[in-house]
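For reference, the structure discussed in these notes is given below.
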Amino acid sequence: MGSILTRLRRGRGQGDAAQDVSEAVATGEPTDAAAPAGDGEKTGASEASHAEAVKVPRTRFGTWLGRPMTSFHLIIAVTGLLTTLGLIMVLSASGVYSYDSDGSPWAVFGRQVLWTAIGFVAFYLALRIRVQTLRKLAFPGFAFTVVLLVLVLIPGIGKVANGSRGWFVVAGFSMQPSELAKIAFAIWGAHLLAARRMERASLREMLIPLVPAAVIALALIVAQPDLGQTVSLGIILLGLLWYAGLPLRVFMSSLLAVVVSAIVLAFAEGYRSDRVQSWLNPGADTQGSGYQARQARFALANGGVFGDGLGQGTAKWNYLPNAHNDFIFAIIGEELGLIGATGLLALFGLFAYTGMRIARRSADPFLRLLSATTTLWLIGQMFINVGYVVGLLPVTGLQLPLISAGGSSQATTLLMMGLLTNAARHEPDAVAALRAGRDDRMDRLLRLPLPEPYVPPRLELARERLSAKKSAQKAAKAKPARKPAGKPDAKARTRAASGRAAKAARAKARSGAEPGARTAGKAGRAGQRTAERAAGAAGRRAAHTGDRGARRRAQQPGGSSRSSVRYGADQRSQGRRARALEGQRYG
């Protein structure tokens with residue numbers, strides 16, 4: 001029994017040590033695990049080997065997350081998985097539509113592959129661009145996209161599709177300038193707010209260039225009209241205001257303005273108003289404005305948990321309009337089931353974690369703001385698309401990023417993914433590792449240049465030094481200053497005068513009490529001598545007469561002498577008390 005208890009105690013101690021080691025490795029702190037109870041004879045090598053063997057299954061994932069290039073690998077992996085899944089589902093969902101419109105089941109898929117290739121070129125260029133160059137091109141790029149938004153409204157230049165004049169068609173390829181406008185606005189807004197934040201600009205100076213530019217872009221998109229792109233640009237504006245740390249009242253007022261504008265646009269056009277009404281009352285017009293949303297829910301219901309199988313869905317056989325585009329999530333739910341739809345949402349969740357991780361670990365305020373805003377934009381677009389497919393939101397026409405068929409949307413989304421990957425390479429740990437010569441396989445495969453460390457501008461450094469100097473001056477003023485010795489204040493003079501008066505009173509009390517004490521001492525000694533003389537005379541009379549009573553009387557003067565001695569001591573003690581009382585009275 002004793003050996004069993006010893007083994008249990010040792011196992012518990014080893015488990016606690018392993019937990020401490022795992023926590024230390026996850027946080028990047030040095031470990032110093034102590035030996036468990038009863039293992040005093042273990043050597044350091046055996047302890048290290050045991051801790052190593054125990055911590056492997058517990059800390060491998062945490063150690064990998066703590067590596068400097070983890071964000072870079074995560075964003076590349078998520079981008080590749082989403083793009084691959086999107087191409088597969090576009091091929092599966094667009095075959096019938098492509099055959100009906102072009103006579104070939106590969107037409108839509110071929111165009112999607114071509115736009116994906118263009119998007120990967122943009123991804124690579126965004127991955128290699130310097131941050132300073134990107135910031136210099138921010139405002140010219142946004143101005144160029146505003147010009148494109150104006151040109152697309154001109155008849156003969158812009159083409160009408162799905163009730164919106166917002167397309168350029170060149171050699172059979174269509175492109176939406178509003179997609180470029182969203183990217184340019186996000187980059188320029190992040191650059192503007194980061195620069196104004198460093199300059200400690202006022203709230204008016206931060207809002208005046210940003211909000212009017214957003215209003216201009218929104219007005220041009222509304223004129224097309226395109227409700228989905230309007231909502232997407234509104235999300236970008238709200239993200240910039242929120243992550244820049246502006247006051248809550250500014251954010252709430254902007255949010256209210258975006259919501260009111262979306263409501264007005266929803267009821268301004270007849271077909272959009274019908275969509276909202278069919279969303280509020282799904283059974284009102286099942287064969288008209290509510291037909292598409294109803295068929296999407298039917299497709300999700302047919303898929304069940306495991307789905308009908310890839311390519312085996314029936315909703316794409318002209319039962320569900322735009323099955324390869326706006327409602328591709330319904331096809332995923334039908335063919336891959338609940339498991340496939342949940343896996344796709346998990347991929348977007350991993351993308352959200354990676355984007356916010358990059359934003360949190362970035363030292364450059366511009367990259368931090370751009371990464372957080374881009375992540376919010378793409379996740380918000382995903383939420384809106386999935387929301388109206390499952391019936392939680394009215395149909396707006398926003399596409400599912402990297403999944404839906406759409407050339408300009410695919411290319412611009414990959415461009416933003418490239419910028420996010422570039423921001424991941426500019427994390428301080430990643431910059432230090434790459435510039436120190438650490439070999440990274442993916443970085444070497446892509447032949448990327450070394451990232452440049454973030455250097456705060458001179459104005460920010462000067463401001464930090466000035467603030468440190470001001471804080472030091474405030475701390476020096478907070479310390480109590482010593483008064484000069486030659487110039488005492490009024491309180492000090494009053495305290496000195498009262499001290500001198502008290503000292504004089506005590507001296508006077510001592511001088512008045514000492515004569516009384518001396519007089520009392522002399523009186524005591526005189527009384528003692530008188531008592532002694534009386535006792536001697538009484539003794540002589542007793543010896544002469546032999547009377548016992550006289551002898552008894554002769555003994556009484558002795559008692560009187562003792563009483564007289566006591567009396568003298570009492571006089572001395574009374575003198576001492578008198579001196580103390582006099583001192584208290586005058587002191």
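Computed from the C-beta positions of residue 280 and residue 248 and an R0 of 30 Å, the FRET efficiency is 0.45 to the nearest 0.05.
Potential lengthening of the chain between residue 432 and residue 305 amounts to 41.1 nm, from the contour at 0.36 nm per residue minus the alpha-carbon distance.
Label separation (residue 477 vs residue 446): 5.1 nm, computed from points 7 Å beyond Cα along the C-beta direction. Kirkwood's formula applied to the C-alpha pairs of the stretch 320-425 gives a hydrodynamic radius of 14.5 angstrom. The listed peptides 342-351, 466-475, ordered by packing as a protection proxy, come out as 342-351, 466-475 (highest mean of other Cβ atoms within 10 Å first). Highest mean packing first, where packing is the average number of other Cβ atoms within 10 Å per residue, the peptides 355-367, 394-406 line up as 394-406, 355-367.
In the frame of its principal axes, the stretch 298-356 has Cα extents of 39, 23, 17 Å, reported largest first. Modelled label positions at residue 255 and residue 99, each set 7 Å beyond Cα in the direction of Cβ, lie 4.9 nm from each other. The spacing between the stretch 79-131 and the stretch 210-224, judged by their C-alpha centroids, is 29 Å.
Each residue was assigned an accessible area with a 1.4 Å probe, and for residue 102 the value is about 80 Å². For the stretch 151-229, with all protein chains in place and a probe radius of 1.4 Å, 64% of the accessible heavy-atom surface sits on carbon or sulfur.
Using the Cβ-Cβ distance between residue 297 and residue 67 with R0 set to 41 Å, the FRET efficiency works out to roughly 0.40. The relative contact order of the stretch 95-176, computed from alpha carbon pairs under 8 Å that lie at least 6 residues apart in sequence, is 11 percent.
Residues 447, 465, ordered by accessible area of protein heavy atoms at a 1.4 angstrom probe radius and largest first, appear as 447, 465. Sorting the segments 291-304, 128-141 by their mean number of nearby beta carbons within 10 angstrom, highest to lowest, gives 291-304, 128-141. Tell me the carbon and sulfur percent of the accessible area for the stretch 341-478, rounded to whole percent, probe radius 1.4 Å. Taking all protein chains in place, the stretch 341-478 shows 63 percent carbon and sulfur surface.
Max-minus-min Cα coordinates of the stretch 253-395 on each principal axis give 53, 41, 19 Å, with the largest extent listed first. Segment residue 143..residue 466, full-extension length gain: 112.6 nm, with 0.36 nm per residue of separation and the alpha-carbon distance subtracted. Once the 1.4 Å probe is applied to the protein heavy atoms, the stretch 244-361 comes out at 50 Å² accessible per residue. Rolling a 1.4 Å probe across all protein chains gives residue 191 an accessible area of roughly 50 Å².
The values are calculated or read from the model by the stated rules, or taken from the named source; none is laboratory data. All values derive from a computational prediction rather than experimental measurement. Backbone-built Cβ (ideal geometry, glycine too); neighbour counts: all protein chains shown. In case anyone asks, the SASA skips ligands and DNA or RNA and just uses the protein heavy atoms, side chains included. Shrake-Rupley method; radii C 1.70, N 1.55, O 1.52, S 1.80 Å.
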